[in-house]
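The values are calculated or read from the model by the stated rules, or taken from the named source; none is laboratory data. All values reported here derive from a predicted model rather than from experimental measurement. Every residue, glycine among them, receives a Cβ derived from its backbone with ideal geometry; neighbour counts consider all protein chains shown. Just the protein is used for accessible areas: all its heavy atoms, side chains included, with ligands, DNA and RNA removed. Shrake-Rupley method; radii C 1.70, N 1.55, O 1.52, S 1.80 Å.
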Amino acid sequence: MQVEILTIFPEIFPTWLTTSIIGRAQKKKLVKINVHNLRDWATDKHKSVDDKPFGGGPGMVMRVDVVERAISEFRFQNSDFRTILLTPQGKKFNQRLAQKLAKQKQLILICGHYEGFDERIRRLANEEISIGDYVLTGGEIPAMALIDAVVRLIPGVVGNDESTKDESFSQNLLEYPQYTRPEIYKKMTVPKILLSGNHAEIKKWRKKEAEKRTKQRRPDLLK
Ligand code: ADE
């Protein structure tokens, strides 16, 4: 997968890009994530990417022409790019959407700017996505959240592909409880069944626990 991130704050990304699973996925060439400063497509001498809103009002508005020039450059190289605009007004992101995007070969992510962007930028996107009903100062953290959720679903990225099958939300269930050593910690014990070595029974127990937990904590998922 190839991901092009368009942002006015590229300096947020480098550590995240080279750390942990995302870093390893890039080393293994399972994904290539490139970060671009939108200012590179500004044409005036101040390299401006935003301007005052028509009709007045506070703050600055991200310019459509700058964003379009950036997108056109990638689309010119390859027309398969799917363009996503991160905005609190978008479709709510979830595991199913992550699974859908994980099948994509090329993504462009446009990080919106908290003060707003020109409405015509929406037309440049195939899809608008929100990571939840709260407002962040920009689309950078949403872009990281989205890429993190998507990249770990690409086959080979997470060591054991089975572990992404069982985890929370993948079957509309929260994940079953897990334990590791020590077997007794501050008088808290591990369920006996997990020490039994009976794999069929363990599987049944985990399924039951996942269902119980989902019913208690997220009954909305069972509908
Ligand atoms: N930009 C600001 N808040 C956002 C959110 N919740 N989701 C996506 N992009 C955003």
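Screening ASP51 with (1) open to solvent by 40 Å² or more (accessible area, probe 1.4 Å); (2) more than 20 Å from GLY112 (Cα to Cα) gives one miss only, at (2).
For the stretch 138-155, residues that are crowded, with 17+ Cβ neighbours inside 10 Å and acidic (Asp, Glu) total 1. Looking across the stretch 116-137, just one residue is of a type in the set (Phe, Trp, Tyr) and either open to solvent by 80 Å² or more (accessible area, probe 1.4 Å) or in contact with a Leu (Cβ under 7 Å, 6 or more places away or on another chain) (or both), and that is TYR134.
A count restricted to the stretch 116-151 and to residues that are in a loop (DSSP other than H, G, I, E, B), out of contact with any helix residue (DSSP H, G or I) (no Cβ under 8 Å at 6 or more places or on another chain) and more than 10 Å from the ligand (Cβ to nearest atom) stands at 3. Scan the stretch 95-115 for residues that are open to solvent by 20 Å² or more (accessible area, probe 1.4 Å) and not in a loop (DSSP other than H, G, I, E, B) and the total you get is 6. Scan the stretch 153-164 and give yes if some residue there is modelled with pLDDT of 95 or more and within 16 Å of the ligand (Cβ to nearest atom), otherwise no. No, the stretch 153-164 contains no residue that is modelled with pLDDT of 95 or more and within 16 Å of the ligand (Cβ to nearest atom). For the stretch 165-223, a residue qualifies if it is exposed (fewer than 11 other Cβ atoms within 10 Å of the Cβ), of a type in the set (A, V, I, L, M) and assigned to a helix (DSSP H, G or I), and the qualifying residues are ALA200, LEU222. Taken as a whole, the condition of being within 16 Å of the ligand (Cβ to nearest atom) and over 23 Å from LEU124 (Cα atoms) applies to ILE12. One residue stands out in the stretch 63-94 among those that are surrounded by fewer than 17 Cβ atoms within 10 Å (Cβ to Cβ) and within 16 Å of the ligand (Cβ to nearest atom): the one that is farthest from the chain's Cα centre (by Cα), namely GLN89. Determine whether the stretch 17-39 contains at least one residue that is open to solvent by 20 Å² or more (accessible area, probe 1.4 Å) and either of a type in the set (Asp, Glu) or within 20 Å of GLY116 (Cβ to Cβ) (or both). Yes - at least one qualifying residue is present in the stretch 17-39.
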